[in-house]
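Asks: I have a structure I would like to understand better, so I am pasting it below and will then ask my questions one at a time.
Every number in this text was worked out from the coordinates using simple rules, so none of it is lab data. None of the values given here were measured: they were computed from a predicted structure. Using ideal geometry, Cβ is built from the backbone for each residue, glycine included, and neighbour counts are taken over all protein chains shown.
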Amino acid sequence: MESELLNSSADSVHYGGKSAFSQMEHNIVAGYLITACVISLSSNIVVLLMFVKFRELRTATNAIIINLAFTDVGVAGIGYPMSAASDLHGSWKFGYTGCQIYAALNIFFGMASIGLLTVVAIDRYLTICRPDIGQKMTARSYTLLIVTAWLNAVFWSCMPILGWAGYAPDPTGATCTINWRNNDASFISYTMAVIAVNFIMPLSVMFYCYYNVSMTMKRYKANNGLDSINMDWSDQMDVTKMSVVMILMFLLAWSPYSLVCLWASFSDPKKIPAPMAIIAPLFAKSSTFYNPCIYVIANKKFRRAIIGMLRCQTRQRITINNQVPMTISQLPLNQ
């Protein structure tokens, strides 16, 4: 009975309590979230339908992009509506259980995204720099890499629920995240582990891969050897440029949130400005609706396919196939 009273008291303090923002500010955030939700869901669903319609796009490399689209749909379909409803309400309205589910899913999809972007970088490296290894990669190899990214996300999103750090409403009172206001040893160790495993290590791998990809492309261009290698370099450069832009935008989105966590770990979390507390998670969620824009702008195949879909063109009227022999990363997964 005493424990139930304590839990009830904790809920009254943290859930549905007074927010650091006015209702007008909450309404503005809710408007942004609703708009972002509509844009993100519609654009990512178009991307997924594109892969359903055009089998030639279902390559090993693009399988990673498909999984990235699912992470965006997850955040947009679950995270945005719950947060927008709470903002309109003026405080978190889904209680303790809803807070744990909401925060865990957001961390899960975020960790999955950076893991999948790391897999994209590895794919670019093997395809362009190490074709001797890349050509030995099978659909099973790519599936293993993708599953590893998802399992890593499951682990880190479940740990706060199991007691390593924790989830709680942030100072806005209308969204839930890692409880960085309670910067005890558990929070600090969790934050440092997440930053090391899901930020520093992936970035190091990406930097190594894309640096070598850049050097390899420059070397082939300088030697006028583009015609002598067994791959469509125009397509490869499109995919590589798209991947680099996605990673840069992901860093832009998640850097404010990482700074908030670091600030809370090594300084007084009460001194974190309220605007930063709300801007950081909003920035982190923004990756869900700019990825489809990157696909269209940076990749000619995707651009032709999506424009063709929007114009209701038939598959026969849209040419998206490669014109030279392909590596395993370019071959359709059903072959």
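Asks: Each label point is 7 Å from the Cα along the Cα-to-Cβ direction; what then is the distance between the points at residue 32 and residue 271, in nm?
Replies: Here the answer is 2.5 nm between the modelled labels.
Asks: Amide H neighbours of residue 272 under 5 Å, counting only residues 5+ apart in sequence or on other chains, H built in-plane at 1.01 Å?
Replies: none
Asks: Amide H to amide H under 5 Å from residue 179: which residues, 5+ apart in sequence or cross-chain, H placed 1.01 Å off N in plane?
Replies: Those lying under 5 Å, H to H, from residue 179 are 166, 167, 168.
Asks: For segment 116-124, just list the computed ³J(HN,Hα) in residue order, Karplus coefficients 6.51, -1.76 and 1.60, θ = phi - 60°, integers in Hz, with x standing in for Gly and Pro.
Replies: Each residue of segment 116-124 in turn: 5, 5, 5, 5, 4, 4, 5, 4, 4 Hz.
Asks: Taking θ as phi - 60°, what are the ³J(HN,Hα) couplings along segment 91-108 by the Karplus curve (6.51, -1.76, 1.60), each to the nearest whole Hz, with x for Gly and Pro?
Replies: So the J values, rounded to whole Hz, are 6, 5, 10, 10, x, 4, 4, x, 5, 5, 5, 4, 5, 5, 5, 5, 5, 4.
Asks: If I take every Cα pair under 8 Å that is 6 or more residues apart in segment 89-152, average their sequence separation and divide by the length, what percent do I get for the relative contact order?
Replies: 39 percent
Asks: If you don't mind, there's one more thing I want to ask. Using a 10 Å cut-off on Cβ atoms, rank the peptides 200-211, 80-91 from the highest mean neighbour count down.
Replies: The peptides rank, most packed first, as 80-91, 200-211.
Asks: While we're on this one: For segment 167-181, in order, what is each residue's ³J(HN,Hα) by Karplus, 6.51 cos²θ - 1.76 cosθ + 1.60 with θ = phi - 60°, in whole Hz (x at glycine and Pro)?
Replies: So the Karplus estimates, Gly and Pro as x, are 10, 7, x, 7, x, 5, x, 10, 8, 10, 7, 4, 6, 6, 6 Hz.
Asks: Find how many whole Å separate the alpha carbon centroid of segment 251-298 from the alpha carbon centroid of segment 101-119.
Replies: If you average the Cα positions of each part, the centres end up 14 Å apart.
Asks: By how many nm would the segment from residue 259 to residue 133 lengthen if fully extended, with 0.36 nm per residue of separation less the alpha-carbon distance?
Replies: Gain on extension, residue 259 to residue 133, equals 41.6 nm.
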